[in-house]
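For reference, the structure discussed in these notes is given below.
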Amino acid sequence: MRLFSKAFFLTILIVSVVSAGSFGEAQGISTQEVSTTTAEIKSLLKTISTDSLKSYDNTLASFGTRHTMSDTLSSTRGIGAARRWIESKFQSFTKNDPNFKVYEDRFTLDKMPRISRPTTLVNVYGILWGKEGVSGRYVVISGHYDSRATDIMDDTSDAPGADDDGSGSSLAIEAARAFTTIHFQPDANIIFICFAGEEQGLYGSNHFASEARKKNMNIIADLNNDIVGAIKGGNGVVENNMVRVFSEGYKEITIGERKLNPEFIGYENDSPSRELARYIFTNAKQFLPTFKAQLIFRQDRFLRGGDHASFNKYGYAGVRFTEPNEDYNHQHQDVRVTTEMVDGKEVKVQYGDLPEFVDSSYVANVCRMNSLTAALLSVSPPAPTHAEMLVDKLEYGTRIKWDNPSHGKGIAGWKIYFRKTDEPFWSNYVFVNSSTDPVVEYNLKKLSKDDYIFGLAAVGTNGAESIPEAPLPGR
């Protein structure tokens, strides 16, 4: 897997949802840099094209089936044709920006559950290389390009997969086009990836995430998009102004040699994935006021799964974007029309995941939310390390300390967010100015650790913030 050599391979604003202060007033933050970054973000969001998304989705559906074990030799049908088309689209963006490179993650699976014969899978992706380079941070925007019919093993029948997950793959492709078109220059690297093998068991994403973990690749977020195209559900509800964002909680928390139930310290809703979800919500509220992120504090829907789970499995923060009201007649179904009784009348019912049920304007808004999040994270400073909430003695206030390996270089300071234990979002913060000390400690004298949840984020000189991290109890 050629993944980790470069040859092979702004929050900023975050004008926060909190009530205290403006970051522009904090020491070391450049209002000029903030203004410049804000303008660039707006340009990025404006560049995302509904027409492009519709064209991509129609093309993906036109390959008939993209089943993981379908034809790989035809130029017009099957997963091989789809994969080569996706790669050609990514390659076309290299002309826009020399820092954008295209890769394949190719591997072969032997016979296993939902794989009846040895099969080669190919994840196709592009990387917009940032200033941090190969050893730096990575933000991932993902979707899967394989599809399925009613029978999970049917690799020949039509399975256009326009919504599941042509919509997510189209989004990843369009995000790459938008970033390269405006020549966005990130610090962290941004990966735009279309996975194979999702329907058979998350095989593509599991391979990619496991290889990334073996190489200690610093992935700070996976923004996974799966079924993000329809605005009308099978329940008849039409909704086009929000997208669900699923995130998993902690399974357990390790403190020293102890493994704790997160509920023991009240951190059941403060895992890295849930902090990422709050980050998405906060920035969408600022930049996309008419399109909302609806946070769902579950890893995924019942009886379903997605590629973000592979990143969660290997210790990476990952979330899933999914439309608010799904129509199961248009998912995992053979393409057919039946006559059925509905409210006492015979009506014709269309089954199958067809392009006519995908709203490209809606996909564009989900793409903007992904792109906004990735852009902000890519220009934010690295998150504080070894953050601790000190519990070495009984006291009325709360002391928080963290490592400062850069000795404050490029950092304006830190925000210590806090909220009451029954609040879903950060409601306030205290700003701590940058320091040259290798370890920073701050005492919130009037806030009891018993009554609040805390989160710590680094703030760059341009105002860009890292994802807040809940400091673990320490002595």
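The values are calculated or read from the model by the stated rules, or taken from the named source; none is laboratory data. Nothing here was measured: the structure is a model prediction, and the numbers come from that model. For neighbour counting, all protein chains shown are included, and Cβ atoms are generated from backbone atoms with ideal geometry for every residue, glycine included.
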(request) Give the residues of region 200-220 that are crowded, with 24+ Cβ neighbours inside 10 Å and out of contact with any strand residue (DSSP E or B) (no Cβ under 7 Å at 6 or more places or on another chain), sorted by residue number. (result) 209
(request) Can you confirm whether region 356-366 contains a residue that is among the small types (Gly, Ala, Ser), under 19 Å from residue 53 (Cβ atoms) and surrounded by fewer than 19 Cβ atoms within 10 Å (Cβ to Cβ)? (result) yes
(message) I want to confirm something. Restricting to region 369-400 and keeping residues that are in contact with a strand residue (DSSP E or B) (Cβ under 7 Å, 6 or more places away or on another chain) and assigned to a helix (DSSP H, G or I), which single residue is nearest to residue 285 (Cα to Cα)?
(response) 369
(request) Working carefully through the options 384, 468, find the one that is in contact with a helix residue (DSSP H, G or I) (Cβ under 7 Å, 6 or more places away or on another chain) and not aliphatic (A, V, I, L, M). (result) 468
(message) Which numbered condition in (1) in contact with a Gly (Cβ under 6 Å, 6 or more places away or on another chain); (2) crowded, with 18+ Cβ neighbours inside 10 Å is the only one that residue 421 fails?
(response) (2)
(message) Need the failing condition index for residue 51 against (1) surrounded by 15 or more Cβ atoms within 10 Å (Cβ to Cβ); (2) assigned to a helix (DSSP H, G or I), just the number.
(response) (1)
(message) I'm checking my understanding of the structure. Among residues of region 433-451 that are in contact with a Gly (Cβ under 9 Å, 6 or more places away or on another chain) and within 15 Å of residue 406 (Cβ to Cβ), which one is modelled with the highest pLDDT?
(response) 440
(request) May I ask you to list the residues in region 115-163 that are in contact with a helix residue (DSSP H, G or I) (Cβ under 7 Å, 6 or more places away or on another chain) and of a type in the set (Phe, Trp, Tyr)? (result) 145
